[in-house]
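Engineer: I'd like to ask some things about the structure below.
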């Protein structure tokens, strides 16, 4: 019986080595990817993403069991703080796949754009 999974795009604290990666501990696969849009440092120790803009955002495509998705939704404050959106992710080999990304509903006024597009190298 095939395990049911969902592919999410992590651009911040869900990424490998980050504080909330434990929510992805049952991941079936993790691979680097990029998406188009803008990533912000919210000033709250986690980033925000908006699909506007043509910047390259560095992320990970993480395939998790569908049973783990509700816990990730709770972490992300879905649908109050973040909504989910299907977007194309570009993999290292140049291929693309559609996956779910969390999009912050309202960017806080103190947030600043992360020019590098990379949460891990935001300084």
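Engineer: As a check on your grasp of the helix formula, calculate [θ] at 222 nm for the chain: sum -39500 (n - 2.57) over DSSP H runs of n ≥ 4, divide by the residue count, round to the nearest 500.
Structural biologist: Roughly -1500 deg cm²/dmol at 222 nm, from the helical runs in the chain.
Engineer: I'd like the antiparallel share, as a percent to the nearest 5, of DSSP beta bridges with both residues in the stretch 5-121.
Structural biologist: Of those bridges, close to 95 percent are antiparallel.
Engineer: Can I ask one more? How many percent of Cα pairs in the chain exceed 22 Å?
Structural biologist: Looking at the chain, the distances longer than 22 Å represent 28 percent of pairs.
Engineer: Still on this model: Using Cα-Cα distances under 8 Å and only pairs 6 or more residues apart, what relative contact order does the chain have, in percent?
Structural biologist: Answer for the chain is 32 percent.
Values in this text are rule-based calculations from the coordinates and carry no lab data. What you see is a predicted model, and the numbers here were worked out from it, not measured in a lab.
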